[in-house]
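The values are calculated or read from the model by the stated rules, or taken from the named source; none is laboratory data. Predicted, not measured: the structure shown is a model, and the values here were computed from it. Cβ: placed from backbone, ideal geometry, glycine included. Neighbour counts: every protein chain shown. Heavy atoms of the whole protein, side chains included, go into the accessibility calculation; ligands, DNA and RNA do not. Shrake-Rupley method; radii C 1.70, N 1.55, O 1.52, S 1.80 Å.
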Amino acid sequence: MEMSKKSPLENQITDGVIWKQLLAFFFPILLGTFFQQLYNTIDAVIVGQFVGKEALAAVGGPASTIINLLVGFFVGLSSGASVIISQYYGAERPEETQKAVHTAMALSIVGGALLMVAGIALAPWSLAAMDTPADIMDFSITYMRIYFSGTIFSLIYNVGSGILRAVGDSRRPLYFLIVSSIVNVILDLVFVLGFRWGVVGVSIATVASQVCSAILVMLTLTKTPRIYQVDIKAIRFHGTIFNQIIKIGLPAGLQSVLYSVSNIIIQASVNSFGTDTVAAWTAYGKIDGIFWMIMSAFGIAITTFAGQNFGAQKYHRLRKSVTVCCGMAFLASALMSVVLVVSGPYVYQLFTNDANVIDIGLRAMDVMVPFYFTYVFIEVLSGAMRGTGDSFIPTLITCFGVCVLRVLWIAVAVPMNRTIETVSMSYPITWSVTSLLFLLYYLPGGWLKRSIAKAGFPPEDKTQPQ
């Protein structure tokens with residue numbers, strides 16, 4: 001099949017009005033992330049209301065933390081593919097785009113298989129290592145093992161949607177997630193309320209929804225006539241492209257792991273407070289997830305913008321898009337803080353009616369929510385740098401500023417004052433320090449000059465006056 005090239009109308013990322021195109025790209029990503037978050041939130045609401053707080057703690061507590069560690073590594077690793085694809089697509093290099101697409105799909109299949117084996121085998125040991133309370137241990141093992149049985153499908157969707165976003169299509173991944181979320185809700189109700197399968201039912205519903213989203217994204221990629229079409233028979237690793245993906249994606253994957261490790265240490269600290277605190281932390285994590293999906297959407301949007309404009313050698317436009325994106329993210333974080341401060345007590349009641357659990361959760365929320373704005377530079381600046389292929393130094397900054405400092409806080413401050421407020425303070429403190437470090441690295445501009453030289457691009461800017 002002859003594959004058509006993109007037209008100017010399909011690539012407004014490198015030519016359109018920046019704020020309009022950022023919003024047009026951002027909102028489908030945001031809604032898509034919302035529906036992805038809806039998977040676990042609905043699971044938590046249903047088990048919390050109809051199974052019990054032990055099941056709530058199991059579905060969203062230690063098990064989810066370990067899942068995020070393992071899955072996050074491979075999703076971070078595969079993000080290198082999205083960067084490479086966006087750069088080649090912006091530079092209008094179809095042959096390299098094709099190789100990058102098929103290498104990315106090969107990575108999703110191999111990575112998913114490895115994750116499945118590791119997750120199923122290591123579930124009991126990893127949960128025990130986190131001091132998971134005995135009354136939720138069996139639930140947690142069950143949830144982890146069933147979830148990991150479907151990780152191939154999860155990675156196929158994540159990589160496939162990353163390909164679509166890399167070429168500027170953020171709408172179809174949204175449509176796929178809406179469909180799979182509906183499937184998840186229906187199966188949750190059938191398996192938990194109808195069949196009384198509890199945590200098993202929630203787990204199976206989540207896997208089924210992931211299978212659905214993977215099928216939809218693969219149908220789209222195999223049927224498209226565009227230069228990012230996937231040919232099943234052509235899926236394989238291309239050495240040079242794979243090396244480029246690893247150079248960009250490995251730091252992002254390791255960063256995700258270190259984030260998760262620090263969260264595991266925090267989760268272990270939370271576990272030591274007992275089941276009520278674990279349940280409260282779990283519920284807060286679902287509420288807090290709304291903020292993270294907004295920031296994640298800005299991060300994905302700016303990575304694609306930076307990648308395509310870098311590939312098109314429009315460096316001034318790249319930096320201007322970063323400034324615009326930061327402004328939008330600051331506004332969103334401020335609005336989110338106000339909404340959660342006002343509605344927090346009512347939102348918690350969606351998950352549980354236990355007064356002690358709600359009280360603990362609100363205390364944690366009061367510490368973190370007012371400081372959401374301190375996280376903005378971490379997501380936006382690191383996303384922009386990653387889009388140009390500069391991922392090593394941003395990873396080091398994040399690892400020190402967030403992960404190392406957070407672990408030190410838990411090790412030193414929490415033993416001196418064992419409260420949920422002290423645990424929660426680890427977040428705003430490390431967000432503030434890391435954002436400052438990112439500003440100090442970004443503003444001089446040396447990172448962009450090095451990326452241009454490394455890519456072999458001429459230093460001349462091709463941005464057209466607007």
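Ignoring ligands, DNA and RNA, how do MET144, MET116 rank by accessible area with a 1.4 Å probe, largest first? Write down the numbers at each step before the final one.
On the way: MET144 0, MET116 55 Å².
So, going from the largest accessible area down, we get MET116, MET144.
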Using packing as a proxy for protection, rank 246-257, 265-276 so that the peptide with the highest average count of other Cβ atoms within 10 Å comes first. 246-257, 265-276
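Measure off, as a whole percent, the carbon and sulfur share of the 1.4 Å-probe accessible area of the chain, all protein chains present. Walk me through the numbers before you get to the answer.
Values: 12490 of 18320 Å².
Using a 1.4 Å probe with all protein chains present, the chain comes out at 68 percent carbon and sulfur.
Can you give the relative contact order of segment 264-361 as a percent, counting alpha carbon pairs under 8 Å and 6+ residues apart? Provide the component values of the computation, followed by the final result.
Values: 44 pairs, mean separation 39.8, N = 98.
Worked out over segment 264-361, it gives 41 percent.
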Give me the one-decimal Kirkwood hydrodynamic radius in Å for segment 393-466, with the sum taken over alpha-carbon pairs. 14.9
Please go through the residue pairs LYS247/LYS320; LYS99/LYS314; LYS99/LYS247; LYS247/LYS286 and name each one whose alpha carbons sit more than 28 Å apart in this structure. LYS247/LYS286
Suppose every K and R has +1 on its Cβ and every D and E has -1 on its Cβ; what is the size of the dipole of the chain about the Cα centre, in Debye to the nearest 20? 1360
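Mean shadow of the chain, computed from the convex hull of its alpha carbons, in nm²?
On the way: hull surface 81.8 nm².
With the hull built on Cα positions only, its mean projection is 20.5 nm².
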If you bin the C-alpha pair distances of segment 152-293 every 5 Å from 0, what whole percents do you get? 2, 8, 11, 15, 17, 17, 13, 9, 5, 2, 0, 0
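Calculate, for the chain, the solvent-accessible area per residue in square angstrom, rolling a 1.4 angstrom probe over the heavy atoms of the protein chains. Provide the component values of the computation, followed by the final result.
Values: 18320 Å² over 466 residues.
That works out to 39 Å² per residue.
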Let me check something: with ligands and nucleic acids excluded, how do ASP231, ASP354 order by accessible area (1.4 Å probe), largest to smallest? ASP231, ASP354
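Given an 8 Å cut-off on Cα distances and at least 6 residues of separation, report the relative contact order of segment 147-205 as a percent.
Relative CO of segment 147-205 lands at 27 percent.
If contacts are Cα pairs under 8 angstrom and at least 6 residues apart, what is the relative contact order of the chain in percent? Provide the component values of the computation, followed by the final result.
Numbers: 736 pairs, mean separation 109.3, N = 466.
Over the chain, the number comes to 23 percent.
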Kirkwood-Stokes translational diffusion coefficient of segment 267-390, alpha-carbon pairs, 4 °C, 1.567 mPa s, µm²/s: 81
